[in-house]
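Comments concern the structure below.
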Amino acid sequence: MSFKRLRLLIAYDPEQGLCERVIPRMKELLLNRAFDVDVVTFVEGADLSPYRGLILGSPVRGLGLRGDQPSEAFQKFVADSEGLDEKRVALFTVYNLRPGRILARMREQVEARGAQVVVAAAYNRFRSQEGEHVLPAECMVRIRGG
């Protein structure tokens, strides 16, 4: 049996530019784990059918003290995406001060659509390299291996 690179899609909300801070390194780590990775914003949207798994990101607005809902763009993408129920999904947020409860809300919304959440990670805007390996490693185990 020959080895096959699997395709992943990173889709994110570009609001505040927070997610863009972690995506280049995340993509690099995923490429090193034998994934082919495409990146789009929620606004651009995408056909999910070619992808084995998805990585969805939302910024944490403000200081993470109030407003525990993911961005409207995230919610619309999840609600409108055809075939989401067939995917394994990794979630991430990028925060300024506190991660808040947005990851839990993101998980609820994705699972309500029938998708399996395999990992959720919060990145600190100022120390995004801390734990940066966790999401790509879990994708390797739970998306590639599963």
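The values are calculated or read from the model by the stated rules, or taken from the named source; none is laboratory data. This is a predicted model, so every value here is computed, not measured. All Cβ positions, glycine included, derive from the backbone under ideal geometry; neighbour counts span all protein chains shown. Accessible surface areas use protein heavy atoms only, side chains included; no ligands, DNA or RNA. Shrake-Rupley method; radii C 1.70, N 1.55, O 1.52, S 1.80 Å.
Some values worked out for this structure:
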{"item": "In Å, descending, principal axis extents of the Cα set of the chain", "result": "51, 31, 24"}
{"item": "Probe 1.4 Å, all protein chains present, accessible-area order of Leu18, Leu97, Leu6, Leu31, largest first", "result": "Leu97, Leu31, Leu6, Leu18"}
{"item": "Value at 222 nm in deg cm²/dmol, rounded to 500, when DSSP H runs of n ≥ 4 in the chain each add -39,500 (n - 2.57)", "result": "-7000 deg cm²/dmol"}
{"item": "Separation in nanometres of the label points that stand 7 Å from Cα toward Cβ, at Asp85 and Lys4", "result": "2.4"}
{"item": "Helix 23-32 vs. the chain, principal-axis angle (Cα, 0 to 90°, nearest 10)", "result": "20"}
{"item": "Net charge dipole size for the chain [Lys, Arg +1 and Asp, Glu -1 on Cβ; Debye, nearest 20]", "result": "500"}
{"item": "Using θ = phi - 60° and Karplus 6.51 cos²θ - 1.76 cosθ + 1.60, couplings along region 108-122 (whole Hz; Gly, Pro as x)", "result": "4, 5, 5, 5, 5, 8, x, 7, 9, 8, 9, 6, 9, 9, 10"}
{"item": "Probe 1.4 Å - accessible area at Glu72, Å² to nearest ten", "result": "150"}
{"item": "For Tyr123, distant residues with modelled amide H under 5 Å away", "result": "Thr93, Val94, Tyr95"}
{"item": "Sulfur and carbon atoms: percent of accessible area, the chain [1.4 Å]", "result": "48"}
{"item": "About the Cα centre, charge dipole magnitude for region 68-146 (Lys/Arg +1, Asp/Glu -1 at Cβ), debye", "result": "240"}
{"item": "Potential extension, Ser128-Glu111 segment - 0.36 nm per residue separation minus Cα distance", "result": "3.5 nm"}
{"item": "Cross-link reach list, lysines versus Lys4, counting only Cα pairs under 21 Å and skipping chain neighbours closer than eight places", "result": "Lys27, Lys87"}
